Each structure stands twice: as structure tokens, then as C-alpha cells.
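Read through the structure below, which is laid out as C-alpha cells, and then see the notes.
The values are calculated or read from the model by the stated rules, or taken from the named source; none is laboratory data. Since the structure is predicted, the reported quantities are computational estimates derived from the model, not experimental observations. A quick note on method: Cβ atoms are made from the backbone with ideal geometry, for glycine too, and the neighbour counts reach across all protein chains shown.
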Number of protein chains: 4
Amino acid sequence: MNTTTTTISPEPLWRRATAEFLGTALLVAVVVGSGIAAQNLSPHLGGLELLENSIATATALTVLILLFQNLSGAHFNPVVTLADRALGGGHMARDVAAYLVAQLSGGVMGAVLANLMFDTPTRLSTTHRVTDGHLLGEVVATAGLILVIFALTRSGRSGLVAPAVGGYIGAAYWFTSSTSFANPAVTIGRIFTDTFAGITPSSTPRYLAAQFLGAALGAGLVALLFPLRKAPK
Amino acid sequence: MNTTTTTISPEPLWRRATAEFLGTALLVAVVVGSGIAAQNLSPHLGGLELLENSIATATALTVLILLFQNLSGAHFNPVVTLADRALGGGHMARDVAAYLVAQLSGGVMGAVLANLMFDTPTRLSTTHRVTDGHLLGEVVATAGLILVIFALTRSGRSGLVAPAVGGYIGAAYWFTSSTSFANPAVTIGRIFTDTFAGITPSSTPRYLAAQFLGAALGAGLVALLFPLRKAPK
Amino acid sequence: MNTTTTTISPEPLWRRATAEFLGTALLVAVVVGSGIAAQNLSPHLGGLELLENSIATATALTVLILLFQNLSGAHFNPVVTLADRALGGGHMARDVAAYLVAQLSGGVMGAVLANLMFDTPTRLSTTHRVTDGHLLGEVVATAGLILVIFALTRSGRSGLVAPAVGGYIGAAYWFTSSTSFANPAVTIGRIFTDTFAGITPSSTPRYLAAQFLGAALGAGLVALLFPLRKAPK
Amino acid sequence: MNTTTTTISPEPLWRRATAEFLGTALLVAVVVGSGIAAQNLSPHLGGLELLENSIATATALTVLILLFQNLSGAHFNPVVTLADRALGGGHMARDVAAYLVAQLSGGVMGAVLANLMFDTPTRLSTTHRVTDGHLLGEVVATAGLILVIFALTRSGRSGLVAPAVGGYIGAAYWFTSSTSFANPAVTIGRIFTDTFAGITPSSTPRYLAAQFLGAALGAGLVALLFPLRKAPK
């Protein structure tokens, strides 16, 4: 039974990296694509747009994790890959590098794919998103994400990671003021669409900084509350 | 434990074909019926209509797969039946033919049933749906559907196919521009209602072509990423 | 492992009947109460009202079945109790009678409780609901309900009955034109509230007739598609 | 397998109390934060606001219980901790005291965190919420919550507590007139935000009284319907 962490998959790296690329691309395609659909179909109803966007994202993220969890670990997120390594996940540096490249390129491809499906030009986003509250929101969102993933994994319940992460992100769209990007690859992908889910390049560095800070905080909570134990003999 | 693929059910063909007929009919009745209800109850709110339609479809599809998975494999979709055979599912040509007939006739019956329940005449749809983006959407939607079904089945998790496929289609209503028909039997059924979920006959051939292309792409990804392995002795 | 059918619970009848009373009362309280809340909070938005009503009902029904399934079988519905007996569930006539009394009185109590919580007088409903399409809707809704419950039970998956029935009813609110009463005890309870979920007494007999017809059709499909098999020795 | 009741976790008290603090804080942050987002994004659409708020709360509560269930029991609620002790859960008085302190302080912190994320000042709420119907709603909501938790735990299905409690609370937002606070720590936390989810201090004592009454009623139903049995040898 492969898990999101601590297990080195027997699959060759090219297959795992392909899964990370495809998974991240489809995740961003869902975030951006359902955002465009919501914007087209529910103009001037911001809450309904976000409801449509968040339900589609939460559901698709759950399915994507189910799809690739046994193959690549279904990280789709650089801070998850890095936290996995920091918490003792056993990936080699070469694997980490391949995962990050796959995730970042997948994120950009996903935005382009969504733009194409909706006959929308690929353009840099003009949506400014930085406020103090939003940055705090990203810290909280990312810390919570890391806590959910590794608490479940370390307590032997990796089979619950898919619905828990999907549900968590769906709720975090609402309870964090930033609508919970919580993922550097998704954040960078979302630069490349000037639609509902976009983020302008100038907002991105502070979002990324908040995400790394949140991931570190989350990993600290995991170490504190869910310490690794020696396996019983 | 029967699965969506690779297992030949011990049930007689008439019973399996009946399950495919009923399942496809009910699926189309849900798609068309909930579309009519949404249209009646939420006029001029296109996003809310699609939200109502997509939640009802996702939930009902999950239940229908649970209902018939152990009996017929719960394909309800010609490209799933064909991909199953192409990927080594072991159905005989006679079974495949019976499944396709059951699915196509079920799809039409389902539309008629929905029209009857809503006191709506059965008429050919006048809704044109072809754009380049929509056709790309159908390719992506169908490829993803095939990938979800056979990735889970090949990794020994056929018990997750029902919620994963339901959730996937619910999300794909939003993230693909075409609202994800992804099923030739459902597409043909939807010709026979001039309501929210209808599709005009002239749009249908290109939708079907996109679905077959997507199914081939999805089957290729399955073969690449989830190769069949020899069972351990 | 108790199931919805074919198992006689070791619990005393008074405890099982109390569970049927409480479960049916809470189910009707949810249907009526969430209908009043929806009506108060989303006036003039009929689709949004039904979405709120259907999500609350589907979720609560799932939880109520989980709650009482191991105790009484969690029927909450006279046609389920009768179909259970007809399909060989092994309940004695005395048990059936006690269940029906508990369900019908629970249904009425639930409507009164919802009225009280919302400071609404208990009055007979004035909502006419009979059309040919609606009656066909009730036949389809009830047949499907019986099929879902007993197909899962007969194939050894009673643990899936709770989410499947909840999801099925939530979808049936939308895909059947009648919004899927599918339950004589709930139908009779809903007479006693002149709010969103009410049904006027004169519409009730034809709704009940359609439900009994649907239940018979559903039981026939169960017998045809999911025949009882001898247990392997 | 730890459960919500009757099991004393092997974890040290500081770790369990931290989990109760964090879980309650995040729960209130979700309730308050998603309420603010709903209010900002869907003004003048009270039903849509509550739908957004209830979906986010139900989903996040499910995830939070999954997260901490094996560590602290995931009570996040003084009446659950007290009912657990009254029903024989085996916690010592010192543990109960630590849990209550953690829950109450967590509740307040969660409201402050949500205010900060949304750049909203922390102020006492001015929302009056007491009516006879609302107090009856709190009694019903809390009784049902206790019944769900301990019925599942006593019947050996503690793995279902997380989705059942999340789903129950999501539905209870709608079917109880009070929108189901059902938790003294959450109620007290919600005093500290003058936004959608707030409750004015003068409404609080009667809400708390109704919750304790409901919890006692729920515990009585648990004792009546789900008596503890001697374990088979």
C-alpha cells in the first residue's frame, strides 16, 4: 500500500513524474476551467461563482489523488514534496527535483489547457490578491493542508487522504480569505489566465512566501503532535 | 468481487444487458430530468441550473454504478465497453454487441421517460453545441473518464470506481467547456429532448468523434501508466 | 452485521419500533424544517430552495440510516417494510404492524416538531401536487428506492445502503417531477405543514397509490435482477 | 483503534489538549470565516450565504474529526466531553478540565483568527438569536449530535463518526431554526465576531442552557437505545 509519504514507490521515476505532471495539470485545469465556467454562467454573483468553483475543485482533487496516489504519491504540490522529504519520506534529491519540475510545468500546462477549452486567450492575470489578511490566510491554509496529509499518513490512514484533502481545500476556499491557493505550482499556473482564478505576477512572490511559511508551520505541528514511532515488532 | 473490467460476470447475458439498459436509461433520465427541473425552477440563472444539474447527475451516477457494478460492470457507456475490451477485459464480441444495443436504446428511453415525468413533449433538440473549445473539452472529459475507471480497476480499487466516476463527471460538468457528455449513449439519448440538457442532431457526430478520440487517448494513458502486471503466485 | 433486510435483529421490538419512530420523525423534521428555512431565506428562488432542501435531506437521511440501521433496519418507510417482508425479510406480522404504526406516527410528529422549531402553526397543507407527470415521477422514484436498497443488501453490501439511499433521494428530488416523496409515512407527515414541503390531503391518495405501485415494480426488478441464491456451504 | 468515547488515549494529556485546542479553534475559524466570506460575496441572498456557510462547515468538521480522532477523541465540544464521561468514557476529572479549557480558549482564538484573516475587527456580536423556536432547535440539534456520536461509537462504528457528524451538522444548519450551534465552546467563540456567524452575549446563556438540556436528552436516548453490553469473551 503506497502512501503520500514515507514510501518509495517501486515505479520508475519517469512514470511517477508523468503522474505528477498530469495530476497537477488537471488540477489547475479544473481550478481555472471551472472558474471560467462559473464566471460565464453566474456573472455578478460572486458567492455562487466561488461555490461552483470550490465544489468542482474539491471533488476533482479527491478523484485526482485517488487516481495517482499509488503511483506517485499524488503530491501535485511542491511544498508537499518538500515536507515529505523534510519529514523523512525517503525520496532522493533526484526524485524531488523531477517532481518539482513536473509540478511546475504541469501547473502552467493546466492553465493553458483550460484557456483552450474555453476559447479564452492565454494572458497574464491582472488580478491583485495581496492583503495582510490574505497572506495570513495562505499561511493557515498551507499549514492545515500539510497537517491533514501527514497526520493521516502517520496514523496509518492514507486511504483517507484523498477525500480529506479534497474536502479540506473545498472548505478552505471559504474559510481563508485568500481562497486557499496553498500550492506554489497551482499559484504559478494561475498566473497564466486572466480569468476568475488568475493571480497577477506581482502578487505571486508574497503568496509563495506565505505558503512556504505555512508549510513549515504545518510540518512543525506534525512533528509535535504526530511523532514517528518505532514500529512494534 | 466483480470489477468494471477484466472480469466476466457469472450472470447470464440477458440479466447483464438488462442492467446496462436500465442503468443507462436512468442515467439519461437523471441528466435530462434534473436539467428540466433546474430550467423550470431557476430560469435566467445559468450557473445555478448547471450546479443543480451537476450535483444530481454526480450523485445519481455514483448510486447507479454501485447498483449494477457487480452485475454488468456498470458501463452505461459504449466507449467504456469498447475500452474494456481493448484493454483486455475479456468480453466476447456477442457481449459487446448486446451491451452497445442496451446502452443506446436505454439512452433514448431515458430521455423519453424524463420528458414524460415533466409533461414535456419528446422532440429533437435544437441546442447547437459545437465549438473548437467544446470538442477539445469532450476529448479531455472522455480521456479522463477512461483513465479514472481503469486506473482504479487495475490498481485493485474497483470499490472506489462508483464515487470516483460520479465525482469526476460532476466536476467535469464545470471544468470542461462542453459540460462533459463523454458518453455516446448519453449523447444520443440527449438528442431526444428539447430542454436544458439537449443536443441538436447536427452537433452529435463531432461530439461522438471527440469522445472516441478521447477514449483512445485515455486507454493509451492507462496502458502507459498502469500496465497490467503478472499476478504474484 | 444486521442489514436492511432478511435479518431479524436481536433487539426487543419496543426498541426497534422506537428507532423507527424517531428516525421517521427526524426525517420528516428535516424535510419540513429545511424546507421552511429555504423558503424563509431564499424567497422567489425556487431552484435554490429545492437545492437547499435536497442537500439537507440527502445528508440527514444518510446519517439517520447509519444511526439506526443496526438497530431496526432503518426503514422509516412503510413500503420498505412491506417490500422487506414480501422479499423474504423474515419479519413477523406483529413486527410489521409495529413498524407501520411507528413510522406513520413518527411522520406526523416530525412535521409538528419542525413547525414548532420555526414558530409556524401546524395546519393542513394547501399545496396541490397531482399531475400525470408527478404520479409517474412517484412510481419511478419509489421503484428506484426499493431497487437501491435491496440490490445492495442482496449483494452483501448493506454498509453502502446509507450513502446510496441518501444520495439517491437527493438526486430524485431533481430528476423526478414530483420531487420524490417515495414514502407513505413521509407523505402523510407532510400533510401537516402548510409550508414548502407540504402536500394537501386531496393529493395524497394518488401519491400513495403511485408509491405502492412503484414499490411493487421495484420489488419485481429486485427479484428479476438480484435473485436470492443459496448460501455456499 | 481509538474512538470518540470509552477509550483512554495513550497520548500524554498536553498533546491531547493541544489537539482539542487546535481542532476547536479551526472549527470556529471555519464557521466564522466562511460566514464572513459568504456575507461578502453573496450579500442580500441569505439562503445562499447559509448554503455556503453550511457546506464549508460540514466538510471542514468531517476533516477535523478525521485529523484528531485518534489523538484526543476529537470532541471540540464541552457537552461531548461531559456526555462521554457521563456515559462511562473513562476520562479522569483532570482530563475533563483540561479539555474544557482547551475547547473554550480554542473557540475564542478561532473567532479572532477568522477576523484577522478577513481584516475584520474583533468585536462583540450584536446579533440577537433567542426565540422559543430557536431554543427548541438547539435542544433538538444537541440531542441529535450526542445520539449520532455515541450510537455509532457504541455499535463499533467509530470510523463513521467523522462523516456522520459533519453531515449531521451540515443538515442541522437547515432543519433546526437556530442553525444548530449545538456546542458551548463554539457558541462562546462566536460572541467575538460581529459578522454573519456571531451571537450577542445576551443570547448566549439561553443557548447554552438549551444545549445542556439537549445533551442530557441525547445521552438518555443513547442509554435507552444503545445500552452498553458485556463484551463477549
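For this structure, a couple of remarks:
- Residue check, A:T24 within 14 Å of chain D (Cβ to nearest Cβ), in contact with a Gly (Cβ under 7 Å, 6 or more places away or on another chain) and β-branched (V, I, T): no
- Considering residues of segment A:205-230 that are within 22 Å of D:P10 (Cα to Cα), in contact (Cβ under 8 Å) with a residue 12 or more places away in the chain and assigned to a helix (DSSP H, G or I) only, the residue nearest to the other protein chains (Cβ to nearest Cβ): A:L225
- For segment B:153-177, a residue qualifies if it is of a type in the set (V, I, T) and more than 7 Å from chain A (Cβ to nearest Cβ), and the qualifying residues are B:T153, B:V161, B:V165, B:I169.
- Restricting attention to segment A:111-151 and to residues that are under 18 Å from the mean Cα position of the chain (by Cα), more than 26 Å from A:L217 (Cβ to Cβ) and within 10 Å of another protein chain (Cβ to nearest Cβ), the residue that is surrounded by the most Cβ atoms within 10 Å (Cβ to Cβ) turns out to be A:A114.
Let's see how each residue does on (1) more than 21 Å from C:S34 (Cβ to Cβ); (2) modelled with pLDDT of 95 or more; (3) not hydrophobic (A, V, I, L, M, F, W, C):
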position: C:P121; (1), (2), (3): no, yes, yes
position: C:G133; (1), (2), (3): yes, yes, yes
position: C:L160; (1), (2), (3): yes, yes, no
position: C:A171; (1), (2), (3): no, yes, no
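- Residue count for segment B:40-68, restricted to those that are more than 17 Å from B:G170 (Cα to Cα) and facing chain C (nearest Cβ under 9 Å): 7.
- The residue of segment A:152-184 that is nearest to the chain's Cα centre (by Cα), among those that are among the β-branched types (V, I, T) and not in a helix (DSSP H, G or I), is A:T179.
- Residue check: A:L136 meets all listed conditions (1) among the hydrophobic types (A, V, I, L, M, F, W, C); (2) under 30 Å from B:R157 (Cβ atoms); (3) part of a helix (DSSP H, G or I) but one, namely (2).
- Restricted to segment C:1-110, the set of helices (runs of 4 or more DSSP H) holding at least 2 residues that are farther than 18 Å from D:F226 by Cβ, in contact (Cβ under 8 Å) with a residue 12 or more places away in the chain and of a type in the set (D, E, K, R) comprises C:46-72.
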